[in-house]
Amino acid sequence: MPTVLLDNGASSIKAGIVKLQQEPPRIIPNAVARSKGDKKTYFGHEIARCNDYSELHYRLPFEKGYLVDWDAQKAVWDGIFSDEVFGIDTTSSSLLITEPYFNLPNIQEVYDQFVFEEYEFESYYRCTPASMIPYGTLFSQADLPPAECIVVIDSGFSFTHIVPIMNGEIVWTAVKRLDVGGKLLTNQLKELSSFRQWNMMEETYIINDVKESCCYVSTNFKEDLETCRADPKRNPIVQEYILPDLSTNRKGRVRQPDDILTDTDQILVMNNERFTVPELIFHPDDIGLNQAGLAATVAFSISLLPSDLQGMFWANIGLIGGNAKFAGFRDRLMSELQTLAPVDCEVVIYECDDPITEAYRAAFSFVNTPGFESHVVTRAEYAESGSNASRKKFHDWKHRESEKEKLKEAPKPKGKQREEDRSQAVNKISRTRSKPTTVTAPSRRR
């Protein structure tokens, strides 16, 4: 029975079918786009066919990190399962799909309904991207056993999450979220470019490409800022981005030294915008977000873990997500974490060749493990128990909450119960015998 892998991100879906040999996933935009140029609507994989990227209007299934527009998401999934992409029979296939961190229970129930009632998959498994990382090669080292205590930094489209994992299980009490992701960075770059040069507020697709092509994380922010201020037009940081020419269907690109400009070329000059936009990950208060930066959030998350194991977490920090592809991201994070880590702890940060597809590759390895079949929920189990079958098998943050509630609702020992009953009875007697007293409230100063 074939297994379909969907790393269902808010910006893109990393999709593939498990075979004997691992193949690179197909990256599909998770959106429904309508172009004002050719007046056509494109669903997911069809966006690659669009030739006119002028003023693309996006309809995103995800809003603020959660899947809320199921009609748009179904349209994208229908294209993936169709003959144009994979051409699979969902009724005789299994599915592994990723979900957001701290996903809401009512949204999880809709996941179950779509998988079993709409597409009628034979079985499926739902998990967060970071929970798959221990099965991958991000932390693997030659001649060493797998690390038992790791911290995964997942900096994606909507948020940046710091996820500690111990013995393959996420420590949900120490998971922290930074409200800065790729979407916020793109919007910030749109505002800066529109205020300083061209009006780019409707050009989300183009500005996103500018961000990915030009932006980097500065390892010395003040020095780079002073370099741009001293000579705004001629300095080693400034870059020129040639905007797309819609008349010839030529895509935008960074200007190279041997490029010859024509009269119709429009130039977007990228000066300090190249590093001030990604700086928001490390200093969200630059735009008024009342949150600590990435390094301080990582340190706080590790401080919530067992003290005798914190050194192991400091030595096993991994980077995944699209924002980890910024040049200088790892070096900047390393320099800041070294100042926050305890003196006796070594800070080690692991990175991979493609942080966008790392969760997919780890999920591929997880599907090929012998015990994968014991983790999935089958169609028969769902028909019998509904979403309760998923709640029992899929370990997520609600399991911690349910454990706390069980402890609160646990029956108290009879001896303590009798003592509390006696104290309550004494209090009742004292209340009936005491005389009522009037208490005057202090006068308010005016």
Given H placed on each backbone N at 1.01 Å, which residues far from T3 in sequence or on other chains put an amide H within less than 5 Å of it?
V18, S94
Mean residue ellipticity (222 nm) of the chain, computed from DSSP H runs ≥ 4 via -39,500 (n - 2.57), nearest 500
-9500 deg cm²/dmol
May I have the pair-distance distribution P(r) for the chain, computed from all Cα-Cα distances with 10 Å bins from 0 and rounded to whole percent?
4, 17, 25, 22, 15, 8, 5, 3, 1, 0
Taking only protein heavy atoms and a 1.4 Å probe, what accessible area per residue, in Å², does the chain have with all protein chains in place?
55 Å²
Dipole magnitude (debye, nearest 20) for the range 40-88, charges at Cβ of Lys, Arg, Asp, Glu
100 debye
Computed magnitude of the charge dipole of the chain (debye, nearest 20; Cβ of K, R +1, Cβ of D, E -1):
2760 debye
Pop out the carbon and sulfur fraction of the accessible area of the range 345-386 as a percent, whole number, probe 1.4 Å.
49 percent
At 1.4 Å probe size, what's the solvent-accessible area of W397? Round to the nearest 10 Å².
60 Å²
If amide H atoms are modeled at 1.01 Å from N in the peptide plane, then the residues at a separation of 5 or more from F282, or on another chain, having amide H under 5 Å from its own are L294
Angle between the Cα long axis of helix 294-303 and the longest principal axis of the chain, 0 to 90 degrees, nearest 10?
30 degrees
Antiparallel versus total DSSP beta bridges in the chain: what percent is that, nearest 5?
70 percent
Run the accessible area of the range 182-281 with a 1.4 Å probe and give the carbon-and-sulfur part as a rounded percent.
49 percent
Total formal charge among the other residues, if their Cβ is under 12 angstrom from that of I153, Lys/Arg +1 and Asp/Glu -1
0
Probe 1.4 Å - accessible area at H57, Å² to nearest ten
120 Å²
For the range 182-281, the charge dipole (Cβ of Lys, Arg +1; Cβ of Asp, Glu -1; about the Cα centre) points to a positive end, and the Cα of L246, T219, I207 closest to that extreme belongs to T219
Specify the inter-centroid distance of the range 99-120 and the range 26-68, based on alpha-carbon positions, in whole Å.
23 Å
Give me the accessible area of C215, 1.4 Å probe, in Å² rounded to the nearest 10.
10 Å²
When the dipole is taken about the Cα centre of the range 182-281, and only Lys, Arg (+1) and Asp, Glu (-1) are charged at their Cβ, what size is it in debye, to the nearest 20?
140 debye
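The values are calculated or read from the model by the stated rules, or taken from the named source; none is laboratory data. Since the structure is predicted, the reported quantities are computational estimates derived from the model, not experimental observations. So basically every Cβ, Gly included, is an ideal-geometry build from the backbone, and we count neighbours across all protein chains shown. All accessible areas refer to the heavy atoms of the entire protein, side chains included, with ligands and DNA or RNA removed. Shrake-Rupley method; radii C 1.70, N 1.55, O 1.52, S 1.80 Å.
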